[in-house]
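Chemist: Can you read through this structure? Questions will come right after.
The values are calculated or read from the model by the stated rules, or taken from the named source; none is laboratory data. Just so it is clear, the structure is predicted and the values come from calculations on it, not from any experiment. Cβ placement follows ideal geometry from the backbone for every residue including glycine, while neighbour counts extend to all protein chains displayed. Protein only, heavy atoms only, side chains kept; ligands, DNA and RNA dropped before computing areas. Shrake-Rupley method; radii C 1.70, N 1.55, O 1.52, S 1.80 Å.
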Amino acid sequence: MKKIFIGIGVVLVLLVGAFFVFVNPPRTDYYVQIDNSKYKENHSAGGVVDFTGGMKYLYTLPSYASDGKEKEITFGTDRVLKDKAYLKLEYTATRGVLDWCEVKWEELPASVQSVLRQP
């Protein structure tokens, strides 16, 4: 009987852990400068599941965390973005980019300013 309770406890802990990782995963802010020569138009393959969120344009750009670490991130938009604009991306390892917003040069962390070009 004791083994059954331990087994149920382990399963519950795993379920709660999976809930926090997939439903509310840890988020990291990344910063990127838009380069309109690097977007692709997204065409639906006609499948049942669309992993790009139905966005018309996909950008794959080098992005930088607040500590200056680089990561290439792909994110979708429904319009072509303003060339050379700076974006703050809200990113999770399990779900990708959750949200983005345009920011000004002054709002970028100093470590990010050192690697991006000022307009």
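Chemist: Taking H as built 1.01 Å from N, whose amide H comes closer than 5 Å to the amide H of N42, not counting residues under 5 places away?
Modeler: Amide H neighbours of N42: Y57, L58.
Chemist: Continuing with this model, one more query. Between V103 and residues 5 or more places away or on another chain, which pairs have amide H atoms under 5 Å apart, with H built 1.01 Å from N, and which residues are they?
Modeler: Y86, L87, K88
Chemist: Collect residues whose amide H, placed 1.01 Å from N in the peptide plane, falls under 5 Å from the amide H of S63; neighbours closer than 5 in sequence don't count.
Modeler: Correct list: K71, E72, I73.
Chemist: Quick one: net charge around E102, please, counting Lys, Arg +1 and Asp, Glu -1 for every other residue with C-beta under 9 Å from its C-beta.
Modeler: Cβ neighbours under 9 Å give a net charge of +3.
Chemist: Let a ≥ b ≥ c be the square roots of the eigenvalues of the Cα gyration tensor of segment 51-119; is it rounded (a/c under 1.5), or, if not, prolate (a/b larger than b/c) or oblate?
Modeler: Verdict is oblate for segment 51-119.
Chemist: With every protein chain kept in the model, how would you rank D29, D78 by accessible area, 1.4 Å probe, largest at the top?
Modeler: Largest accessible area first, the list is D78, D29.
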